[in-house]
1. DSSP loop trypsin sites (Lys or Arg not before Pro) in region 60-159 with at most 16 other Cβ atoms within 10 Å of their Cβ, which ones?
2. Taking Cα centroids, how far is region 85-107 from region 28-49 in Å?
3. Can you compute the equivalent ellipsoid semi-axes for region 55-105, i.e. the square root of 5 times each eigenvalue of the Cα gyration tensor, sorted largest first and rounded to whole Å?
4. Modelling each spin label as a point 7 Å along the Cα-to-Cβ direction, I'd like the residue 157/residue 32 distance in nm, to one decimal.
5. Considering the zone a paramagnetic label at residue 183 would reach in this model (a point 7 Å from Cα along the Cα-to-Cβ line), which residues of region 124-161 have amide N under 16 Å from it?
6. Within the set of other residues whose C-beta is less than 9 Å from the C-beta of residue 167, count the net charge using Lys and Arg as +1 and Asp and Glu as -1.
7. Tally Lys/Arg at +1 and Asp/Glu at -1 over every other residue whose Cβ is under 9 Å from the Cβ of residue 182; what's the total?
8. Summing Lys, Arg as +1 and Asp, Glu as -1, what charge do residues with Cβ under 15 Å from the Cβ of residue 3 carry, residue 3 excluded?
Amino acid sequence: MKLYRELAGWWPLFSEPLHYASEAEFIHKVLDDFGNGPRQRVLELGSGGGNNAFHLSAHYSLTLVDVSPQMLGVSRKLNPLCEHIEGDMRTVRLGRAFDAVFIHDAICYLTSEQDLHAAMRTAFEHCRVGGTALFMPDFVCETFVAETKHGGYDSGVRGLRYLDWTYDPDPDDTTYIVDLVIAMREANSEVRVVHDRHIQGLFAPSRLATPAQRDRLRGAGYCRSLAARSICCQTPCLRQPSTQEKVDGSDQETHRDRPDSFCFELDCLNDLSSR
Ligand SMILES: C[S@@+](CC[C@H](N)C(=O)[O-])C[C@H]1O[C@@H](n2cnc3c(N)ncnc32)[C@H](O)[C@@H]1O
């Protein structure tokens, strides 16, 4: 994805911390409400430009993992006090446990159940006994809506605007498409337009508790938590409209409910640590 690689330097004009304020608040509430013991050390997998971290670093000591060194560079500037580590959420192993682990919109980039479970396994491996793992995809099957959005910001002589066109050509598979058209204006007023296609994953949290899913999750260490204490959080969470959208008021659908995060308390760690 160009946005997270060669265009990463434009990320602050694509999305700013305000864009993530209400979702960061939701994450803070979940981490406070679930689990037990201290809530100090928190790991975010797929931390991107660090917009969540910008808000959450007031409450936690954060370790931020992302597969893109360019996005980590953007986040370092915004969150100089956070620990930043390059790694893939499916495979990274830091050799230590945290009070909580969460994956927000980055989990959308996992498009197969195998990859999804690998990332859940990573979360599990890094969560202490009694800790909390939280997964917050943009959509799950039950909440998917085709939509278009736009946004972007100016900063000095640079400006960016984007159109985000989200649709699902095949409702029977586990993916949907986000086509981004990104226009960037440089100091010389030339506008460059780039098309960036993001293939994203679409899964049903309700199906995670079926016997077949449970078998697969057993391999990821989630059997006990699913059997005994699985929790599906259904708290609505609104993404803030961007400044541009608020200024011109022309956006048709600038934000939407995000009701289906799913969250497991990892009290199964005791069992696993004795294996
Ligand atoms: C939408 S951005 C995340 C924005 C972030 N929530 C924030 O607060 O700024 C998605 C990020 O997921 C990262 N990503 C995608 N696949 C990944 C993977 N397998 N492991 C780690 N990071 C991944 C991308 O590099 C990108 O930085």
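1. Those that pass, being in a loop and sparsely packed, are 93, 96.
2. The distance from the Cα centre of region 85-107 to that of region 28-49 comes to 11 Å.
3. Those come to 16, 15, 10 Å.
4. Using points 7 Å along Cα→Cβ, the separation is 4.5 nm.
5. 149-155, 158-161
6. Around residue 167, the charge tally is -3.
7. +2
8. Here the count lands on -2.
Read-outs: derived from the displayed coordinates by stated rules, not from any lab. Not measured: the values here are computed from a predicted model. Glycine gets a Cβ as well: all are built from the backbone with ideal geometry, and neighbour counts include every protein chain shown.
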